[in-house]
Amino acid sequence: MSSAGPGGRPPQTPPQGIRLVSSLEGPDDAPVLILANPIGTTRAIWDAQARVLREDFRLLRFELRGHGVPGAQSDAPPGPYSIAELGTDVLGLMREHGVTTAGYCGISIGGMTGLWLAANAPERISSLVVCCAAITPMPSRQSWLDRAALVRSGGMAAISEMVPPRWFTPDFIARQPAAVAFVVDMLLGTDPVGYAGCGEAIAGMDLRSALGAIKAPTLVISGAEDLAAPPWQGAMTAAGIADSRLRVIRGTSHLAPYQTPGPVTAAIRAHLAAS
């Protein structure tokens, strides 16, 4: 792996003893598929897909720095972090679990990390699905720096009302309040230090230069009503990766795998079967 590589500054040496909560489940002889979460959520965001995908894959699922459920959170070293450091975390998990190569599906910051990995450690990523991820900070670098500062000073409750309209369509918020509350609870349970560090990683990223280095078969999924990573960002991503495909899912927003699991799961399965 390149020490600098496309798409971000070099990873810094991680703090000694950093621990990420993770699990590996599924048939022992099946290929490994990594499922990576959005900022402010836990592995449960992938539960609908996991029920289907674990039939054919060993699923490596993990929590970002400072993320997880109370009592089972990954470590949250002081930030800021970078996408390169988060990618290095994934490579460390692969070594920990004895995984040489894997498919990779990531939502939002999980997808950003997947792009970095596929560009900088191409021999480790056999297939890539990028869901609802931008390649430059949305809506702006400063907005993410401001959000990171807000949670550092006011905790996760300070952003709990502003985030759902960026994650879900208004119709879903109105019709499925319990489903929305389930994900907001994930947000509220996140360590502010970990959330802020990951937010600063988004603020500092520019993955445009990484796209041309990606050789893994790639599917880019966008939510048609996604305000946080609009479909034009997905189109830019797909246009920069040779032989990639873009799928826009109607009637869904930023957490498309959670809001509309049926079409997203079908798209992921079809891509992985063809890769």
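The values are calculated or read from the model by the stated rules, or taken from the named source; none is laboratory data. Quick caveat: nothing in here was measured; it's all calculated off a predicted structure. Counting neighbours? That spans all protein chains shown, and the Cβs are built from the backbone with ideal geometry, glycine included. The protein model used for the area step is the full one, side chains on, heavy atoms only, and it has no ligands, DNA or RNA in it. Shrake-Rupley method; radii C 1.70, N 1.55, O 1.52, S 1.80 Å.
Name the shape class, rounded, prolate or oblate, that the alpha-carbon gyration tensor gives for segment 9-140, where a ≥ b ≥ c are the square roots of its eigenvalues, rounded holds for a/c under 1.5, and otherwise prolate holds if a/b is larger than b/c and oblate otherwise.
In terms of gyration-tensor shape, rounded.
Using a ≥ b ≥ c from the Cα gyration tensor of the chain (square roots of the eigenvalues), is it rounded, prolate or oblate, where a/c under 1.5 gives rounded and otherwise the larger of a/b and b/c decides, a/b for prolate? All intermediate terms of the calculation are to be shown ahead of the outcome.
Values: a/c = 1.23, a/b = 1.09, b/c = 1.13.
Rounded, because the longest to shortest axis ratio a/c is under 1.5.
Please give me the summed charge of the neighbours of ALA102: other residues whose Cβ is under 10 Å from its Cβ, Lys and Arg +1, Asp and Glu -1.
Numbers: positive: ARG58, ARG124; negative: none.
Taking every other residue near ALA102 into account, the sum is +2.
Express in nm, to one decimal, how much length is gained between ARG54 and HIS97 on full extension, taking 0.36 nm for each residue of separation and deducting their alpha carbon distance.
13.8 nm
Heavy-atom accessible area per residue, the chain, 1.4 Å probe: how many Å²? Spell out each step's value before the answer.
On the way: 10610 Å² over 275 residues.
Normalised by residue count, the accessible surface of the chain is 39 Å².
Note down the magnitude of the dipole of the chain about its Cα centre, charges +1 on Lys and Arg C-beta and -1 on Asp and Glu C-beta and zero elsewhere, to the nearest 20 debye.
That gives the chain a dipole magnitude of about 340 debye.
Can you tell me the relative contact order of the chain? Whole percent, Cα pairs under 8 Å, sequence separation 6 or more.
Worked out over the chain, it gives 23 percent.
Could you point to the residue in SER108, PRO70, PHE57 farthest towards the positive end of segment 49-109's charge dipole, with +1 and -1 charges on the Cβ of Lys/Arg and Asp/Glu respectively?
Towards the positive end, the residue furthest out is PHE57.
What is the Cα centroid distance between segment 153-206 and segment 258-275, reported in whole angstrom?
Distance between centres, Cα-based: 24 Å.
Full-extension gain between ALA149 and THR136, please, as 0.36 nm times their residue separation minus the C-alpha to C-alpha distance.
Full-extension gain reported as 2.7 nm.
Give me the one-decimal nm value for the distance between modelled label points at ASP206 and ASP28, 7 Å along each residue's Cα-to-Cβ direction.
Roughly 4.9 nm, to one decimal.
Calculate the dipole size of segment 35-165 relative to its Cα centre from +1 charges on Lys and Arg beta carbons and -1 charges on Asp and Glu beta carbons; express the result in debye to the nearest 20.
20 debye
Please identify which residues in segment 66-103 have an amide N closer than 19 Å to a label point set 7 Å out from the Cα of ALA181, following the Cα→Cβ vector.
Within reach of a label on ALA181: 70.
Distance in nm between label sites at ALA274 and MET162, each 7 Å beyond Cα in the beta-carbon direction?
Each label point is offset 7 Å from its Cα along the Cβ direction, giving 3.9 nm.
Would you mind telling me the share, in percent, of accessible area of the chain contributed by carbon and sulfur at probe 1.4 angstrom?
Its accessible area is 55 percent carbon and sulfur atoms.
Residues with beta-carbon under 15 Å from that of PRO263, excluding PRO263: net charge, scoring Lys, Arg +1 and Asp, Glu -1?
Neighbour charge sum, excluding PRO263 itself: +2.
Determine the dipole magnitude for segment 115-191: charges of +1 sit on the beta-carbon of Lys and Arg, -1 on that of Asp and Glu, nothing else is charged, the reference point is the Cα centre, and the result goes in debye to the nearest 20.
140 debye
Under a 1.4 angstrom probe, counting protein chains only, how are ARG175, ARG95 ranked by accessible area, largest first?
ARG95, ARG175
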